[in-house]
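The values are calculated or read from the model by the stated rules, or taken from the named source; none is laboratory data. Source: prediction; values computed, not measured. Cβ coordinates were reconstructed from backbone atoms using ideal geometry, including for glycine residues, and neighbour counts include every protein chain displayed.
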Amino acid sequence: MAETNRTARLSSRPTGMLQRDNFEIASEELPEPGDGEFRVRISHISLDPAMRGWVNDAKSYVPPVGIGEVMRAIAVGTVEASRNSKFADGDTVTGLFGVQEYAVSDGSGVIKVDTSKAPPERWIGGLGMPGMTAYFGLTEIAVPNEGETVVVSAASGAVGSIVGQIARIKGCRAVGIAGGAEKCAYVTDELGFDACVDYKADDLRGQLSAACPDGIDVLFENVGGEIHDTCLSLMNFRGRVAICGMISAYNATEPVPGPYNYRSILVNRLNVRGFIVFDFISQYPQAAKQLGEWHGAGKLKIREDVREGGIDAFPDVLNLLYTSGNFGKLVLKV
Ligand SMILES: NC(=O)c1ccc[n+]([C@@H]2O[C@H](COP(=O)([O-])OP(=O)(O)OC[C@H]3O[C@@H](n4cnc5c(N)ncnc54)[C@H](OP(=O)(O)O)[C@@H]3O)[C@@H](O)[C@H]2O)c1
């Protein structure tokens, strides 16, 4: 029997959480590379919170995935059947290969990775896009000074876990916010944050002010909503807020209320700035080198949550992100 390619194509636009019937999951003919192209046998697909936004028919920083198109996703895999002189069979590469088993590429936006330094899935996690997001968001947008207090939400996750560790490397006090005692213990005991606040326990504001006795100088926002509001109320004069994500609102079906403590921006003269990691694409090599050095030196701990089930497990596995079901960078094994 000829080999086939299992694919997940968007078949309808969701309301609220993604449903299985928003995707057609089917076996298709194996794609053949043309001149200048190569095929990638995908081993791991990165499941990222932004994927929920990519299927909305709305203005964003990238066009929406079209109905009938393979779902957009970053992935890692091995080059085969190469007809491109820059990529050889056997190379391990990352790129926007989609939710499928095989992709054909002309090499645009594709990066070769070194699996002798880290396993393939790490190159789509802490050493890939989420690691870059943490690095640029902290060092280029928030710009903390030594001794300052840096607070990060979704602290046990792909981006947040790296943010706090870089903050520590830069001599800051790192305070995480995460859901549940187990994740909070991981953030302090394994990742070395100075404190971690459990937003699922009582009195978030009281816990946070105890963890930040000198207030908050830098807020790295991954969640939004009530957590964001509570942090705003503790910001210091000339604090900086890097708006990285708002995961609590990605599946909202009604308009989401704005921050109640907006006035803090005025009275504290805060610098609030959103960013998308792609803004820094020309500086990726610099970040990759630095993250790789820290990781190699044991200063950066990285955890993946790799799920089985292949293409057929999509989008159920993706939905774990929005229900706190993942613990570490969420990856779908193909
Ligand atoms: N700006 C950019 O370029 C860029 C790039 C990558 C990612 N991001 C953003 O960064 C954020 C984190 O992404 P990630 O890939 O690192 O995901 P992640 O933190 O590994 O996983 C998502 C986590 O978010 C938390 N969460 C989900 N719903 C929540 C809610 N309603 N309230 C509070 N916490 C909730 C959960 O952690 P708990 O168990 O602690 O609740 C969950 O495990 C997302 O907002 C994402 O969109 C932005």
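Please work out which residue is surrounded by the fewest Cβ atoms within 10 Å (Cβ to Cβ), limiting yourself to the range 199-215 and to residues that are within 16 Å of the ligand (Cβ to nearest atom) and under 25 Å from Arg240 (Cβ atoms).
Among them, the one singled out is Arg205.
Rundown of residues vs (1) surrounded by 18 or more Cβ atoms within 10 Å (Cβ to Cβ); (2) under 19 Å from the mean Cα position of the chain (by Cα); (3) over 24 Å from Gly128 (Cα atoms), yes/no style:
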{"residue": "Val159", "(1), (2), (3)": "yes, yes, no"}
{"residue": "Ile169", "(1), (2), (3)": "no, no, no"}
{"residue": "Cys172", "(1), (2), (3)": "yes, no, no"}
{"residue": "Glu190", "(1), (2), (3)": "no, no, no"}
{"residue": "Ala195", "(1), (2), (3)": "yes, no, yes"}
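Taking Gly298 and the conditions (1) surrounded by fewer than 15 Cβ atoms within 10 Å (Cβ to Cβ); (2) at pLDDT 95 or above; (3) touching a helix residue (DSSP H, G or I) at 6+ places or on another chain (Cβ under 9 Å); (4) not hydroxyl-bearing (Ser, Thr, Tyr), which numbered condition does it fall short on, given that it satisfies the others?
Every condition holds for Gly298 apart from (3).
Just wondering, is there one or more residues in the range 24-37 that are in contact (Cβ under 8 Å) with a residue 12 or more places away in the chain, in contact with a Leu (Cβ under 6 Å, 6 or more places away or on another chain) and surrounded by 12 or more Cβ atoms within 10 Å (Cβ to Cβ)?
Looking for residues that are in contact (Cβ under 8 Å) with a residue 12 or more places away in the chain, in contact with a Leu (Cβ under 6 Å, 6 or more places away or on another chain) and surrounded by 12 or more Cβ atoms within 10 Å (Cβ to Cβ), one finds none in the range 24-37, hence no.
What tally of residues in the range 196-249 results from selecting those that are among the small types (Gly, Ala, Ser) and out of contact with any helix residue (DSSP H, G or I) (no Cβ under 8 Å at 6 or more places or on another chain)?
6
Kindly indicate the residue of the range 122-142 that is more than 10 Å from the ligand (Cβ to nearest atom) and over 13 Å from the mean Cα position of the chain (by Cα) and also surrounded by the fewest Cβ atoms within 10 Å (Cβ to Cβ) among those meeting that condition.
Among those that are more than 10 Å from the ligand (Cβ to nearest atom) and over 13 Å from the mean Cα position of the chain (by Cα), it is Glu140.
Does Arg41 fit the bill of being among the basic types (Lys, Arg) and more than 16 Å from the ligand (Cβ to nearest atom)?
It is true that Arg41 is among the basic types (Lys, Arg) and more than 16 Å from the ligand (Cβ to nearest atom).
Grab the helices (runs of 4 or more DSSP H) fully contained in the range 146-244, keeping just those with 1 or more residues being polar (S, T, N, Q).
On the way: elements: 158-169, 181-185, 204-211, 225-232.
The helices (runs of 4 or more DSSP H) meeting that bar are 158-169, 204-211, 225-232.
For the range 178-234, enumerate the residues that are in contact with a strand residue (DSSP E or B) (Cβ under 6 Å, 6 or more places away or on another chain) and under 21 Å from Pro257 (Cβ atoms).
Matches in the range 178-234: Tyr199, Leu208, Leu219, Glu221, Asn222, Val223, Ile227, His228, Cys231, Leu234.
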